[in-house]
1. Among DSSP beta bridges lying fully in the range 26-182, give the percent that are antiparallel, nearest 5.
2. A 28 angstrom limit on the alpha carbon distance is what I want to check against. Which of Lys186/Lys300; Lys44/Lys89; Lys44/Lys186 exceed it?
3. If you take the square roots of the eigenvalues of the alpha-carbon gyration tensor of the range 149-262 and sort them as a ≥ b ≥ c, do you get rounded (a/c under 1.5), prolate (a/b over b/c) or oblate?
4. With all protein chains present, how much of the accessible area of the range 149-262 (probe radius 1.4 Å) comes from carbon and sulfur, to the nearest whole percent?
5. Across the range 104-110, in residue order, what do the Karplus-derived ³J(HN,Hα) couplings come to in whole Hz, using 6.51 cos²θ - 1.76 cosθ + 1.60 with θ = phi - 60° and x for Gly and Pro?
6. Given the options Val227, Val103, Val272, state which has the largest fluctuation in a GNM of the chain using a 10 Å cut-off (strictly under) for Cα springs.
7. Percent of Cα-Cα pairs more than 24 Å apart in the range 3-162, please.
8. Please sort by residue number the trypsin sites (Lys or Arg not before Pro) in the range 39-129 whose DSSP state is loop and whose Cβ has at most 12 other Cβ atoms within 10 Å.
Amino acid sequence: MKQRKDISRIAVFTSGGDAPGMNAAVRAVTRAALAHQLEVYGIKRGYQGMIENDFVKLEAGDVSGIMHLGGTFLQTARSKEFRTHEGRKKAFENLKNHQIDGVVVIGGDGSFAGALAFTQEFDIPFVGIPGTIDNDMYGTDYTIGYDTALNTVVEAVDKIKDTANSHGRIFFIEVMGREAGALALKAGLACGAEVTFIPEIQNEEEELEKFLTKDYKNKQRSGIVMVAEGDRAGGALKLAEKVQKNHPEIDVRVTILGHIQRGGSPSANDRVAATQMGVAAIDALLNNQINVMIGMKNNKIVHVPFSNEVKTNREFNADLLKIQQLINSAY
Ligand code: ATP
């Protein structure tokens with residue numbers, strides 16, 4: 001494919017919720033762009049910084065020593081103003097004034113919905129890199145930050161299991177995932193949870209009742225119930241209260257893991273994926289593969305057009321739940 005000659009300066013920013021590996025992605029985008037003799041600007045605080053003209057020039061040294069750090073050194077934000085045409089127009093003018101020819105956005109599906117709205121109105125191309133601990137994006141097997149968050153959850157639950165086993169307690173563990181259960185699902189499998197509650201399905205209460213009445217007798221077993229925060233049951237606290245009311249004899253505890261899941265040094269997998277996707281984003285811009293999200297399917301880079309269907313077409317691996325049920329049915 002013929003390489004574009006009209007791109008000489010790009011901008012990169014992080015948007016939406018922070019995820020470990022975002023720094024590694026900014027580093028890769030910056031270094032890949034510089035390697036292709038492009039100039040690079042970082043935009044601070046996501047779309048809000050784009051509107052407020054918060055741009056910084058990035059050289060190779062500015063992104064050294066950040067790969068192993070969680071969070072995002074460019075910071076991130078949620079911007080109400082960018083949801084309006086006036087806000088996006090201000091952002092466009094700032095990009096134009098900085099002579100930006102292409103933009104790389106690192107974030108979740110909301111950030112790409114913003115990119116879609118912008119590129120439908122203005123003529124500056126965008127490429128997206130999926131950065132979210134939820135792993136809930138249509139068109140990619142992998143999002144940056146998911147692997148690190150998953151390992152954080154597993155490490156925490158391993159510790160909780162020690163005390164759960166000692167006392168024969170049932171622990172309800174709430175993990176992040178307002179609309180998607182990918183994190184809870186894999187964490188449940190990796191931690192040997194008895195039941196996992198996720199927003200995508202709704203018959204888990206039966207499964208839990210089976211465990212409580214059949215398997216959990218005389219505190220001979222402890223139990224881990226993994227709950228995605230957005231599950232229809234209303235979160236770990238509500239669920240635990242209900243169980244306690246129906247089974248006063250059971251020793252029930254709740255742990256809400258919260259923001260600990262977002263922090264920490266990114267895993268090797270997240271660093272590698274961030275680097276691959278960062279390089280692929282610059283390749284895409286230069287090869288006129290624009291207004292797409294860089295995805296990873298079967299370990300290969302793919303280009304997924306920004307679209308409003310992203311949310312409704314989310315894939316969900318129901319096999320993992322069946323595996324969990326099979327493993328637990330052996331008792
Ligand atoms: P996470 O998955 O971590 O929540 P996200 O990218 O989905 O990340 P959002 O807060 O949903 O996070 O989106 C980030 C920003 O993108 C919003 O604050 C807003 O500025 C912009 N945005 C989201 N949806 C739209 C939209 N439909 N039109 C314009 N801008 C949008």
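The values are calculated or read from the model by the stated rules, or taken from the named source; none is laboratory data. Quick caveat: nothing in here was measured; it's all calculated off a predicted structure. Heads up, the Cβs are rebuilt from the backbone with ideal geometry, glycines too, and the neighbour counts pull from every protein chain shown. Note: areas computed on protein heavy atoms with side chains; ligands, DNA, RNA excluded. Shrake-Rupley method; radii C 1.70, N 1.55, O 1.52, S 1.80 Å.
1. Values: 3 of 9 bridges.
So the antiparallel bridges amount to about 35 percent of the total.
2. Beyond 28 Å between Cα atoms: Lys44/Lys186.
3. Oblate is the answer for the range 149-262, as a/c is 1.5 or above yet b/c matches or exceeds a/b.
4. Details: 2520 of 5360 Å².
Its accessible area is 47 percent carbon and sulfur atoms.
5. Per residue, the Karplus-derived 3J(HN,Hα) values read 10, 10, 10, x, x, 5, x Hz.
6. Sorting by GNM fluctuation, first place goes to Val272.
7. 34 percent
8. Working: sites: Lys44, Arg45, Lys57, Arg78, Lys80, Arg83, Arg88, Lys89, Lys90, Lys96; in loops: Lys44, Arg45, Arg78, Lys80.
Filter output for the range 39-129: Lys80.
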